[in-house]
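Data first, discussion second: the structure below is written as C-alpha cells.
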Amino acid sequence: MTDIAPRLPGLSGWLGRLAFNLHIAGIVVIALLLLIPLSTVRDLINERSYRQHEVEAGIASEWGGVQTLVGPILKVPYRVKALPNQPERMSAAYYLPQTLDAQLSFTTEMRYRAVFEIPVYRAQGRLVGAFPPPSTLPVPPDATAMLWDQALLLMGVGDLTGIDSDPALKWLGQPVAFTPGSSVPAIPGMQAPLPTLSLTDTDPLPFSIDLTLRGTDRLQLVPVGATSSFTLTGDWPHPGFIGGALPAERDVTKTGFTAHWTLSYLARGFPQHWTEATEIPPANNQGYDSSYDNDRNGIAAAMSASSVGMTLIQPVDFYHVSERAAKFGFLFVAAMFGTVFVIELASGKRVHVVQYLLIGAALALFFCLLLALSEVIGFTPAYLVAAVMTTGLIGAYLGHIAQSLRKGAIGAGVLAGLYGYLYVLLQLEDMSLLAGALGLFASLAAFMWFTRKVDWFRLAPTAANELLGTGGKTEAPLPS
C-alpha cells in the first residue's frame with residue numbers, strides 16, 4: 001500500500017526538498033519571533049495592573065485606606081525604681097479588656113478614575129466591653145508608683161483619613177472625648193485621657209465606642225479581649241475572609257454577607273498585659289536593627305498577625321485573568337500554525353511565511369484587544385468580542401489563501417474551539433492545569449492523526465526520480 005504523500009506545487013528535486021525544509025524552518029522561526037509581541041502584551045497587562053494599584057492607592061489616600069481597629073488599650077504610666085547612679089525614670093503598663101464585643105456593618109460604593117473602577121466602603125459600628133477591676137491588674141515589678149490619674153485609653157485606627165465623624169467614647173457610663181495621635185508609635189490612632197482611677201477599685205471598667213469609618217480594600221479587627229466576639233455585615237456579595245482565624249459562622253448571599261467570630265486570647269500571639277520594657281522586636285528576627293525601625297515591636301507585630309476581617313474581592317480581576325490567558329499565547333500560535341500547515345498540505349496551496357506572520361500577529365493582537373476591551377465593558381463581553389473579531393479575520397484570510405470557503409471555515413472553527421477551551425480553562429482555576437494538559441494532548445493527537453498518511457520524505461520528488469525522468473510524478477493530495 002502506497003502512503004499518501006502530498007506535494008506542494010513548484011517544488012522539485014533536491015531544490016524542492018531544500019525549499020520545503022526552509023519553509024518549515026521559516027514557520028518555526030516566525031512562531032518563535034511571535035514570543036516577542038506576546039511578551040510585550042504580558043508586560044502591558046502588568047503595567048495596566050500596576051496603574052490600577054496606583055489609582056487605588058490614590059483613592060485610598062483621599063477616601064481612607066485599609067482599616068484595622070486595634071483596641072481599646074488601657075495605658076497607665078508608672079515610676080520605675082531608681083538604679084544606683086541612675087535617676088528615676090518613667091515607663092508605662094498596658095492592659096487589654098476582659099471582654100470585647102464588636103458589631104460593624106458597612107455599605108460599599110464605587111469610585112471611578114478614567115477606566116478604573118475601585119470599590120470603597122463606609123463602616124459604622126460599636127465596640128463594647130470592660131476592663132478588669134484595677135485592683136486585679138498586675139503591677140509591674142519595677143514600679144514604685146502607678147500614676148492612675150494619668151491613665152489613657154488608646155484606640156488604633158489603620159488610616160485616620162477615613163474617620164468620618166468623631167468617635168463617641170463612654171467610659172464608666174460617662175462621655176469622654178478622644179484626642180488625635182497616639183503615645184504608642186507602633187499603634188497609630190487616637191487616645192483619650194481618663195478620669196482618675198484607683199488601684200483599690202474593685203468594679204470592672206466598662207466602655208463603649210461608636211465610630212464611623214471610610215476605607216478601601218480591607219476591614220479588620222484585632223481581638224484584644226480575653227474573650228472577643230466580632231460580627232461583621234456588609235452588602236458586598238464577594239467577601240474574602242482573612243486574618244488569623246476564619247469566622248465560626250458566615251452567611252454569604254447575592255446581596256451581602258454576615259460573619260461572626262468568637263475568639264479566645266489563647267488563640268493569639270500577644271498577652272493581656274505588658275510594659276514598655278517588653279515591647280521588643282521578635283526574637284526570631286535575626287539581625288533586627290531596632291534603631292532602623294524602632295516602632296515595629298513584637299507586640300504590634302503579633303497584633304497585626306492576629307487580626308481578623310474581610311477584603312473586598314473583585315468577582316473578575318480581568319488583569320489577572322488576562323495575564324493567565326496571555327500565558328497560553330504561544331500554544332495558540334503553535335496550534336493555529338499546525339492547523340494552517342495541514343490546510344496547506346491538503347489544499348496544495350502554499351502559504352507564505354509572511355502570511356503565517358500575519359496570522360500570528362492577529363493571534364497576538366487578540367490578547368491586546370482583550371485587555372483594552374475588558375477595561376471598558378468587562379472581561380466576558382470583551383473576550384467574546386475579541387474572539388469573534390480574531391476568528392472572523394483569520395477564517396476569512398485562510399479561506400482566501402486556500403481559495404476554499406470550506407477550509408477557511410475549518411480554520412475558523414478550530415480557532416473558535418481554542419478560544420472556547422481557553423475560556424473554560426480560565427474559569428476552572430484549580431483544575432486548569434489538568435484540563436490544559438489534557439487539551440494539549442488532544443491537540444497533538446489530532447495533528448498526528450490528520451498527518452498520519454504523510455510521507456515526510458516524499459513531500460517533494462527525490463533527486464533520483466528526477467534523474468530517471470520521473471520527477472513529474474504527482475502524488476495524491478490529502479483528502480480535504
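The values are calculated or read from the model by the stated rules, or taken from the named source; none is laboratory data. Everything quoted here is computed from the prediction, not taken from an experiment. Methodologically, a virtual Cβ is constructed for each residue, glycine included, from the backbone with ideal geometry; neighbour enumeration extends over all protein chains shown. For accessibility, only protein heavy atoms count, side chains too; no ligands or nucleic acids. Shrake-Rupley method; radii C 1.70, N 1.55, O 1.52, S 1.80 Å.
Taking all protein chains as they are arranged and a probe of 1.4 Å, the heavy atoms of residue 448 leave approximately 120 Å² accessible to solvent. Structural size metrics of segment 303-387, computed from C-alpha coordinates, are Rg and Dmax of 19.4, 72 Å. For the listed peptides 124-134, 336-346, a ranking on the average number of other beta carbons within 10 Å per residue, highest first, reads 336-346, 124-134.
In a shell of Cβ-Cβ distance under 15 Å around residue 120, excluding residue 120 itself, what net charge do Lys and Arg (+1) and Asp and Glu (-1) give? Mind dumping the intermediate values first?
Working: positive: 111, 113, 122, 214, 218; negative: 56, 62, 109, 117, 159, 164, 217, 235.
So the surrounding residues net to -3.
Fully extending the segment from residue 452 to residue 227, taken as 0.36 nm per residue of separation minus the present Cα-Cα distance, adds 73.8 nm.
Averaging sequence separations of C-alpha pairs under 8 Å and six or more residues apart, then dividing by the length of segment 72-204, give the relative contact order as a whole percent. Don't skip to the answer; put the middle values down first.
Numbers: 241 pairs, mean separation 35.4, N = 133.
Contact order relative to length: 27 percent.
Determine the share of segment 53-178's accessible area contributed by carbon and sulfur atoms, expressed in whole percent, with a 1.4 angstrom probe. Don't skip to the end; give the middle numbers.
Working: 2960 of 5650 Å².
The computed percentage sits at 52.
Packing-based ranking of 163-176, 59-72 yields 59-72, 163-176, ordered from highest to lowest mean Cβ neighbour count within 10 Å.
Give a quick list of GluC sites (Glu not before Pro) in segment 87-144 that DSSP marks as loop, anything other than H, G, I, E or B, with at most 14 other Cβ atoms within 10 Å. Before the final figure, lay out the partial values.
Values: sites: 88, 109, 117; in loops: 88.
Here the sparse-neighbourhood loop sites are 88.
So, counting K/R as plus one and D/E as minus one, what does the shell of residues with Cβ under 12 Å around residue 102 add up to? Please report the intermediate quantities before stating the final value.
On the way: positive: 126; negative: 101, 210.
Net charge in that neighbourhood comes out at -1.
About the Cα centre of segment 50-172, how large is the charge dipole given +1 on each Lys and Arg Cβ and -1 on each Asp and Glu Cβ? Please answer in debye to the nearest 20.
On the way: 10 positive and 12 negative charges, 64 e Å.
For segment 50-172, the charge dipole is close to 300 debye.
Taking every C-alpha pair closer than 8 Å and separated by at least 6 residues, the mean separation divided by the residue count of segment 342-434 gives a relative contact order of 21 percent.
The label-point distance for residue 427 and residue 353, in a model that sets each label 7 Å from Cα toward Cβ, rounds to 4.1 nm. Evaluating 6.51 cos²θ - 1.76 cosθ + 1.60 at θ = phi - 60° for every residue in segment 215-223, the Karplus couplings come out as x, 9, 6, 9, 9, 9, 9, 8, x Hz, glycine and proline recorded as x.
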